[in-house]
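Every number here is computed from the coordinates shown, using simple stated rules; none is lab data. As the structure is a computational prediction, the values presented were derived from the model and not from experiment. Note that we place each Cβ from the backbone using ideal geometry, even for glycine, and neighbour counts take in every protein chain shown.
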Amino acid sequence: MRPDFVFDRARMKLRIRGNSVRLRVTKTELAKIADRGKVEDVVRFSSDQSLRYAIEVRPTGAVTATFTGAALLVTLPKARLDLWLRPDEVSVEGSQPIGGGKVLQIVLEKDGPTPRGSGDDLD
């Protein structure tokens, strides 16, 4: 991610819980991913501290997440994006080993109404 990137007020939502990362995008952001191959946003904690997060399309591969410095990058293969663009496809899921027998769960979702009782939103 470029540190000088000018954000056009993305509203992407980031949720981190345990060993899971969830990014929820609006219809507009999903269209940008399809058109530009990337969408990103930033959370600013002070004038010199921030957390950048992005979804970027790659020609091939798997859904992955990397964290470098203060930036989270989730990569999405083009074939998975094409499926996600269908109206009936609400999410894309992936997982990756993180060592010690543990796995990071990665979920990309379209923003909007979700079915009641849909997993980790319940306590």
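Output the antiparallel fraction of DSSP beta bridges having both residues in region 13-110, as a percent to the nearest 5.
Beta bridges within region 13-110, antiparallel portion: roughly 65 percent.
Any idea how far the Cα center of region 39-89 sits from the one of region 15-36, in Å?
If we compute the Cα centre of each part, the gap is 7 Å.
Ranked by Cβ crowding within 10 angstrom, fewest neighbours first, how are LEU72, LEU83 ordered?
Listing LEU72, LEU83 from fewest to most nearby Cβ atoms yields LEU83, LEU72.
Please compute the modelled spin-label separation between GLU56 and ARG86, points set 7 Å along Cα→Cβ, answer in nm with one decimal.
Taking the simple label geometry, ARG86 and GLU56 are separated by 2.8 nm.
Using only the Cα atoms, work out Rg/Rh for region 13-110, with Rh taken as the Kirkwood radius, to two decimals.
Ratio value, two decimals: 0.97.
Can you check what the net charge comes to around GLY112, using other residues whose Cβ is under 11 Å from the Cβ of GLY112 (Lys, Arg +1; Asp, Glu -1)?
+1
Under 13 Å from a point 7 Å along the Cα-to-Cβ line of LEU14: which residues of region 69-87 have their amide N that close?
Inside the label zone: 69-74.
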